[in-house]
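Peer 1: Dumping the structure here so I can ask a few things about it.
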Amino acid sequence: MRVINVAAAQLGPIQKADSRQAVVKRMIALMDEARSKGADLIVYPELALTTFFPRWYMENQAEVDAWFEREMPNAATKPLFERAAHHQIAMNFGYAELTPDGHHFNTSILTDKSGKIVGKYRKVHLPGHSEFDTERAFQHLEKRYFEPGDLGFNVWRTLGGIIGMAICNDRRWPETYRVMGLQGVEMVLIGYNTPSANPEKRVEALEKRMFHNRLSLQAGAYQNSTWVVGVAKAGVEDGHPLFGGSLIVNPDGEIVVEASTEADELLVHPCDLDATRFGKNTIFNFAEHRRIEHYGLISSRTGAVPPPET
Ligand code: CDT
């Protein structure tokens with residue numbers, strides 16, 4: 001058995017006025033609880049340090065940049081890194097990254113148990129739009145504030161296993177998991193901020209949106225025989241509800257733990273990486289069964305092109 005005791009640390013809402021220092025305090029409280037429960041790794045959501053700011057339309061770049069981190073760790077997050085090193089607990093969290101040469105990414109990092117950053121991922125599948133959209137119930141301006149990630153879907157050998165990362169909307173795309181699956185991934189860490197309502201389809205029920213969340217994470221896990229850890233930022237942020245439903249999915253695609261609130265909430269589960277072996281060696285033995293001669297369109301065509309009508 002190769003067990004990583006994973007803590008999925010769901011965060012409740014973060015209001016616009018909340019400081020990073022206040023959020024880090026909440027993250028440390030969850031980390032203390034995770035450590036007391038024997039966790040090796042704690043996983044926090046996408047954009048964990050701030051409110052989900054892409055719902056707000058901004059034209060002033062200085063105002064936008066105030067939501068971004070110029071270095072990691074920085075003054076606000078140093079106490080989190082120090083506590084992680086003290087507890088000897090690895091961590092993963094998301095934040096808005098502003099690089100020294102002026103690029104903006106929706107980023108996620110993975111540390112080892114000493115608090116050293118061992119992996120970085122930048123969100124590839126940015127949802128939403130880039131200009132103010134009067135048709136929407138509310139805005140989702142990720143395409144305005146972020147560039148598509150430039151690092152691809154990597155995996156890292158750490159904590160005795162092979163671990164990858166993705167962010168929120170990435171979880172809905174099978175390519176996300178498969179590219180990591182082809183590198184032998186054993187655990188995928190995915191933070192999210194998902195509105196409880198569909199801004200383009202007001203009648204869509206919350207239950208259906210949560211079904212799509214589970215469906216995506218469970219399919220990704222099963223079809224690549226990997227653990228998947230999905231962690232929400234949940235609750236009502238300045239009048240805008242985000243759903244919870246943080247969960248850990250085993251390599252058979254089954255949910256082993258799931259959050260029940262929309263507040264700060266910790267789920268801890270022992271994830272045996274050797275449980276990924278059976279699926280990887282049988283039905284999803286890629287080397288044995290994949291037929292890449294038929295998959296060319298996946299990497300050569302972006303949008304669907306139906307055949308001409310006859
Ligand atoms: N943060 C994020 O990627 N949210 C998207 C919502 C898209 S609705 C415009 C998601 O896929 O959950």
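Peer 1: On the basis of being under 28 Å from Lys280 (Cβ atoms), within 12 Å of the ligand (Cβ to nearest atom) and of a type in the set (A, V, I, L, M, F, W, C), does Ile162 make the cut?
Peer 2: Criteria not met by Ile162.
Peer 1: Still on this model: Tell me, yes or no, whether region 88-98 has at least one residue that is over 19 Å from the mean Cα position of the chain (by Cα), part of a loop (DSSP other than H, G, I, E, B) and within 21 Å of Ala48 (Cβ to Cβ).
Peer 2: Yes, that holds for at least one residue.
Peer 1: Looking at (1) within 13 Å of the ligand (Cβ to nearest atom); (2) assigned to a loop (DSSP other than H, G, I, E, B), can you tell me which one Gln183 breaks?
Peer 2: All conditions pass for Gln183, except number (1).
Peer 1: Okay, moving on. Is there any pair with a first residue in region 259-271 that is farther than 16 Å from Leu189 by Cβ and open to solvent by less than 40 Å² (accessible area, probe 1.4 Å) and a second that is part of a strand (DSSP E or B) and not small (Gly, Ala, Ser) whose Cβ atoms are under 6 Å apart and which are 6 or more apart or on different chains, and what are they?
Peer 2: Close Cβ pairs satisfying both conditions: Glu265/Gln10.
Peer 1: What pairs come up if the first residue lies in region 133-157 and is under 13 Å from Trp56 (Cα atoms), the second is within 12 Å of the ligand (Cβ to nearest atom) and of a type in the set (D, E, K, R), and their beta carbons are under 7 Å apart, counting only those six or more places apart or on different chains?
Peer 2: If the second residue must be within 12 Å of the ligand (Cβ to nearest atom) and of a type in the set (D, E, K, R), the pairs left are Arg136/Glu200; Phe138/Arg55; Gln139/Arg55; Gln139/Asp133; His140/Arg55.
Peer 1: Is one or more of the residues making up region 72-82 part of a loop (DSSP other than H, G, I, E, B), among the hydroxyl-bearing types (Ser, Thr, Tyr), away from the ligand (no atom under 16 Å from the Cβ) and under 19 Å from the mean Cα position of the chain (by Cα)?
Peer 2: yes
Peer 1: Continuing with the same structure: Can you name the number of the only condition in (1) away from the ligand (no atom under 16 Å from the Cβ); (2) out of contact with any strand residue (DSSP E or B) (no Cβ under 7 Å at 6 or more places or on another chain); (3) part of a loop (DSSP other than H, G, I, E, B) that Lys113 fails?
Peer 2: Going through the list (1) away from the ligand (no atom under 16 Å from the Cβ); (2) out of contact with any strand residue (DSSP E or B) (no Cβ under 7 Å at 6 or more places or on another chain); (3) part of a loop (DSSP other than H, G, I, E, B), Lys113 breaks only (2).
Peer 1: Further, regarding this structure: Is it the case, given these coordinates, that Pro54 is in contact with a Gly (Cβ under 8 Å, 6 or more places away or on another chain) and farther than 27 Å from Thr158 by Cβ?
Peer 2: Judged against the criteria, Pro54 is a match.
The values are calculated or read from the model by the stated rules, or taken from the named source; none is laboratory data. Computed from a predicted model, the values in this text were never measured in an experiment. Positions of Cβ are backbone-derived with ideal geometry, glycine not excepted, and every protein chain shown enters the neighbour counts. Calculation scope for accessible area: heavy atoms of the full protein, side chains included, ligands and nucleic acids excluded. Shrake-Rupley method; radii C 1.70, N 1.55, O 1.52, S 1.80 Å.
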